[in-house]
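Undergrad: Take a look at this one; I'll ask things after.
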Amino acid sequence: MTSEPLRQAVAKDISQLAQRGFLPVVVHGGGPFIKQALDEAGLEHSFIRGLRVTTARSLPIVEQSLTILNKKLSQEITNAIGLSGRDNKTLVAKKISAELGYVGTITQVNHSFLRNLLDISITPVIAPLASDNHLGILNVNADEVAGAVAASLGSAVIFLSDVAGVLDDYKNPESLLTEITEAQIKKRIANGKIAGGMIPKVEAALNALHQGADYAVIADGREADILNKVLAGKAGTKIIS
């Protein structure tokens, strides 16, 4: 996301998938951009179990950072429309806990709206912000949003990260697991082999499967032609029940 050439390469891959008859929906985060904006505003930021604590003061900055990035991505993909999850109640969420602040978990996806866009060959590009059903807004982890959207559409979900997938040893980038089960994931979270930002990713993958997604893959978005490799089963870690 922070490398413009890499981001544009992935955007081109997404556009080509759409031209080949696939119906992609893109969900993005923006952690590095949010961090920079919060630092420039002199606001502290912290994480609890991989989720960014979002205060009343930081929420507008989070929204601004995600919205700017959202429009860049939709422009780079072409034949795409940038959406905040709060637009037309694309995403509805509820607060998780007081300690996380304005952070939500998805309760509803407007899948009929997304299908209408796909039916006219428009790729939805969704920023992970949601309505709270009271004209408010919540920050939602992008991986959770991707899983929820995939499940609502009965689709597969591919999580692009800055690692090759789930590693047997997180200190060894060569220790990629090509496949992992739910039981193995839970064991690795308990013993610390899966930690930090990977926890929301694997949990989002499992939630997507539980809710009806075809399958889930975690892969390295920095790798050339990564989407085609994942679709061919030649990259990433496949999450199975």
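The values are calculated or read from the model by the stated rules, or taken from the named source; none is laboratory data. Quick caveat, the model's predicted, so the values are computed rather than measured. With ideal geometry, Cβ positions are generated from the backbone for all residues, glycine too; neighbour counts draw on all protein chains shown.
Undergrad: Go through segment 13-37 residue by residue and tally those that are touching a residue at least 60 places away in the same chain (Cβ under 8 Å) and not aliphatic (A, V, I, L, M).
TA: Here is the first cut: in segment 13-37, the ones touching a residue at least 60 places away in the same chain (Cβ under 8 Å) are 13-15, 17-18, 23-30.
If we keep only those that are not aliphatic (A, V, I, L, M) too, we end up with 13, 15, 24, 28-30.
Residues meeting the conditions: 6.
Undergrad: Looking at (1) out of contact with any Asp or Glu (no Cβ under 7 Å at 6 or more places or on another chain); (2) farther than 24 Å from Gln19 by Cβ; (3) surrounded by fewer than 18 Cβ atoms within 10 Å (Cβ to Cβ), can you tell me which one Lys94 breaks?
TA: (1)
Undergrad: Confirm whether Ile126 is closer than 26 Å to Ala11 by Cα, surrounded by fewer than 16 Cβ atoms within 10 Å (Cβ to Cβ) and under 18 Å from the mean Cα position of the chain (by Cα). Steps first, please.
TA: Numbers: closer than 26 Å to Ala11 by Cα: yes; surrounded by fewer than 16 Cβ atoms within 10 Å (Cβ to Cβ): no; under 18 Å from the mean Cα position of the chain (by Cα): yes.
No.
Undergrad: While we're looking at this one, here's another question. Leu43 passes all but one of (1) surrounded by 13 or more Cβ atoms within 10 Å (Cβ to Cβ); (2) touching a residue at least 12 places away in the same chain (Cβ under 8 Å); which number fails?
TA: (1)
Undergrad: Let me ask another. When you scan segment 2-37, how many residues do you find that are β-branched (Val, Ile, Thr) and either in the same structural domain as Ala232 (by TED's automatic domain parsing) or over 15 Å from Ile77 (Cβ atoms) (or both)?
TA: Residues of segment 2-37 β-branched (Val, Ile, Thr): 2, 10, 14, 25-27, 34.
The next check asks that each one be either in the same structural domain as Ala232 (by TED's automatic domain parsing) or over 15 Å from Ile77 (Cβ atoms) (or both); those that pass are 2, 34.
Residues that pass the stated criteria total 2.
Undergrad: Confirm whether Ser65 is in a helix (DSSP H, G or I), in contact with a helix residue (DSSP H, G or I) (Cβ under 8 Å, 6 or more places away or on another chain) and buried (at least 16 other Cβ atoms within 10 Å of the Cβ).
TA: Working: in a helix (DSSP H, G or I): yes; in contact with a helix residue (DSSP H, G or I) (Cβ under 8 Å, 6 or more places away or on another chain): yes; buried (at least 16 other Cβ atoms within 10 Å of the Cβ): yes.
Yes; evaluated as a whole, the condition is true for this residue.
Undergrad: Need a quick list: strands (runs of 3 or more DSSP E) entirely within segment 163-241 having at least 3 residues that are among the β-branched types (Val, Ile, Thr) and modelled with pLDDT of 85 or more.
TA: Numbers: elements: 179-181, 216-220, 237-240.
Once the strands (runs of 3 or more DSSP E) in segment 163-241 are filtered for at least 3 residues that are among the β-branched types (Val, Ile, Thr) and modelled with pLDDT of 85 or more, what remains is 237-240.
Undergrad: Considering segment 185-199 alone, what residues qualify as being surrounded by fewer than 20 Cβ atoms within 10 Å (Cβ to Cβ) and under 24 Å from Ser155 (Cβ atoms)?
TA: Gly197, Ile199
Undergrad: With the requirement that a residue be aliphatic (A, V, I, L, M) and either surrounded by fewer than 17 Cβ atoms within 10 Å (Cβ to Cβ) or within 9 Å of Phe159 (Cβ to Cβ) (or both), what does segment 203-223 give you?
TA: Of everything in segment 203-223, those that are aliphatic (A, V, I, L, M) and either surrounded by fewer than 17 Cβ atoms within 10 Å (Cβ to Cβ) or within 9 Å of Phe159 (Cβ to Cβ) (or both) turn out to be Ala204, Ala205, Ala216, Val217, Ile218, Ala219.
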